1. Residues that are more than 16 Å from the ligand (Cβ to nearest atom): find the helices (runs of 4 or more DSSP H) completely inside segment 214-328 holding 3 or more of those.
2. Out of 331, 303, 297, 315, report the one residue that is within 23 Å of residue 470 (Cβ to Cβ), surrounded by fewer than 24 Cβ atoms within 10 Å (Cβ to Cβ) and in the same structural domain as residue 549 (by TED's automatic domain parsing).
3. Could you run through segment 261-277 and say how many residues are crowded, with 20+ Cβ neighbours inside 10 Å and not acidic (Asp, Glu)?
4. Which of the residues spanning segment 464-509 are within 16 Å of the ligand (Cβ to nearest atom), without any contact (Cβ under 8 Å) to a residue 40 or more places away in the chain and assigned to a helix (DSSP H, G or I)?
5. Between a residue in segment 510-529 that is more than 30 Å from residue 234 (Cβ to Cβ) and within 16 Å of the ligand (Cβ to nearest atom) and any residue that is at pLDDT 95 or above and part of a strand (DSSP E or B), which pairs come within a Cβ distance under 7 Å, given they are 6 or more apart or on different chains?
6. Is it true that residue 356 is hydroxyl-bearing (Ser, Thr, Tyr), over 22 Å from residue 464 (Cβ atoms) and in contact (Cβ under 8 Å) with a residue 60 or more places away in the chain?
7. Tell me which residues, restricted to segment 363-383, are more than 16 Å from the ligand (Cβ to nearest atom) and either out of contact with any helix residue (DSSP H, G or I) (no Cβ under 7 Å at 6 or more places or on another chain) or part of a strand (DSSP E or B) (or both).
8. Among the residues of segment 384-416 satisfying the criterion of being assigned to a loop (DSSP other than H, G, I, E, B) and more than 17 Å from residue 453 (Cα to Cα), which is farthest from the ligand (Cβ to nearest atom)?
Amino acid sequence: MAAPNVKIRADGRVDLTWGDVAVAVEGLGPQVTYVSGGTTVTWRPRRLVRDGDTMTAERGGLALVLRGEAVDDGVVLSAVVRNDGHEPVEVVSLAPLAVGPDGRTVVGPGTGSWSVYRNGFQSWSGTGSFRRGDRDREPPIEILSMTAVNAAHPAPRRRGAYRSELVTAISSGVEGPALCLGFLDETRTFGGFDITCGRSLVGACDLDGVRLEPGAGIESAPLMVAAGRDGVRLLEAWADRFGEAMGARVPQRAPAGWCSWYYYFTKVSESAVVDNLEALVQRKADVPCDYVMVDDGHQRDIGDWLDTNAKFPSGMAALAGRIRDAGFDAGIWTAPFLAGSRSRLFREHPNWFVRTDRGKPRVGIVNPAWGTPGTCYALDTTHPDALAWLESTAATLVHEWGYHVLKLDFLYAAALPGRRHDLDATRAESLRRGLEAVRRGAGDDAFLLGCGCPLGPAVGVVDAMRIGADVAPYWTNAAMRSRWGGGDRHGPATKNGVRNTLTRAFMHRRLWLNDPDCLMVRTDRTRLTEAEVRTLAGVFGITDGMLVLSDRVDTIPADRLRLLRRAHDLLGGEARVVDLFAADLPETVVANRGRDVLVAVLNLADEPRGRSLDVGRFGVPDGPVEEVLCGGSVTVAGGRVDLGELAPHDCRVLSARTAR
Ligand code: 9PG
């Protein structure tokens, strides 16, 4: 990483050139999209006037200003739009960085070598690298896509065009060089990147139509632009900065847990939880566990979190007491920004909900698993009474009922487009206010796990974040692979969970603790093969995520308990996915832990494949080296190891003391 050469051209636009690597962004300037008198206008000035460190353009009563600041390895850009006119305008988006067809983005020899990191909008959204011929797709209809993507920015669906949220990196092949762009604040706005290879590059913040009165101005979030030889390291460096700027909460120790969802789903009951509690006590030596989570299925209706259904006859406070008496923290699931159409919350407070332009309550999901009709509406987290209710509900769950761990799910609902009580609040700000209300009620000591959550605004509020789709008792299925499922990328499937655990590994301990979702090691009620279970254990372990088991504890066979133990033994390293830019599904992870190095080698193809690789470059010495997941050892010679043929979706993890 090195500082770029910054050249301000005669037309006021900027060229950034990194001399030591083949990276340049040429002809960049700011851009604004606004609505004035009913028409939407996008303005990217061709000429700007320089005054010291700021460049300004003026047109029709609007002034657009670009500011830049050199930081050690790049520049931080921000834009300001000012209304010098007499009429208010509505600002849709503000970009500190826009490069049009008259400019140029250079990364390596040409766009043919590009691999673009596409970060999905929220926890569940498919994330990974795309090459020139790949299509960035998502579920085609809103009711399916709303749980995965940013409603304001659908995927472009054209080859060579990509949309990344919050951060992106363009790497020339796997080896680099690379360019990394990332916003450094999301308390107020969502930021994102639209990349069309060979044509344009725009990094903009969404202001969602906020009114800009005459005489007023709005500043964009700061945008970091950095380049270097290694795209993964650039993403790590961005995450360090973003986490610091947002006051990331990173607990020292990642808790291990047990979760009811992936075995019992909505059929969970008090007796099922108690049975597992007893089994956890009995198998304490085999199943590391800090908390026991009732994940869905306890509430009377979505939104009515303090009303418990008949499957939990003793009530949730009593159950928390029992969990604590058994020596665990108690955990409980809610979807705090949703309410069922028949819930008490919605019936009693219809004005606490986001509205569509036609004045109807905004649907946040239709989930038949929650009973018919399963229609849930999105809470308006800018309404002061709704915020007070969020705060007091969280306070009850934690301080009265005794649940120390709150899994907060379907959080995207607070950031859906729509009309809100506070007309000046953006979608990102609405989400942040809702999360902050929950934190206020839960208190500083509670452990908050975000899920289904747009990433940026949650940093600094949550302790941990789900970073991928739901795992499932199968690898993938026809629905996920179909075009309705969004091209085998989004939606519940173990394959999708594993993909994001790898592609978002760099966020761990920088923005929060990563939650890769639950581990299933059981042999009943599952179609996961032994190889797939090994992959879950290996990938979750080496990436140092939270390990949360979601099996019926008393029936797990001994060999699977051993695998669970091995996953725990892998924790504690600093993982790097070295082939992040190689393919849709990366297959090589290196983790350093003191003097030890761990190397995970995967075969995520659907057919058996031989894998051999150079591990000497990661510090693995020649000679016999331990293989952790199957047990036994393999031989490294001349820096190389040959693992032979790996079954489909299988994994091996090497553990060695480094030569260095
Ligand atoms: C509980 C589950 C678990 C799981 C969460 C989340 O689109 N959908 O209908 C949909 C349903 C469930 C779901 C995601 C999407 O899973 O990720 O861990 O807590 O809720 O209902």
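1. 231-245, 270-282, 316-325
2. Testing whether each residue is within 23 Å of residue 470 (Cβ to Cβ), surrounded by fewer than 24 Cβ atoms within 10 Å (Cβ to Cβ) and in the same structural domain as residue 549 (by TED's automatic domain parsing) leaves just 297.
3. So the count comes out to 8.
4. 479, 480, 497
5. Short answer, once both residue conditions are applied: 518/259; 518/548; 518/549; 519/548; 519/549.
6. So residue 356 passes the test.
7. Listed by number, the list holds a single entry, 379.
8. Looking at residues that are assigned to a loop (DSSP other than H, G, I, E, B) and more than 17 Å from residue 453 (Cα to Cα), I get 402.
The values are calculated or read from the model by the stated rules, or taken from the named source; none is laboratory data. None of the values given here were measured: they were computed from a predicted structure. Here Cβ is always computed from backbone atoms with ideal geometry, including for glycine, and neighbour counts include all displayed protein chains.
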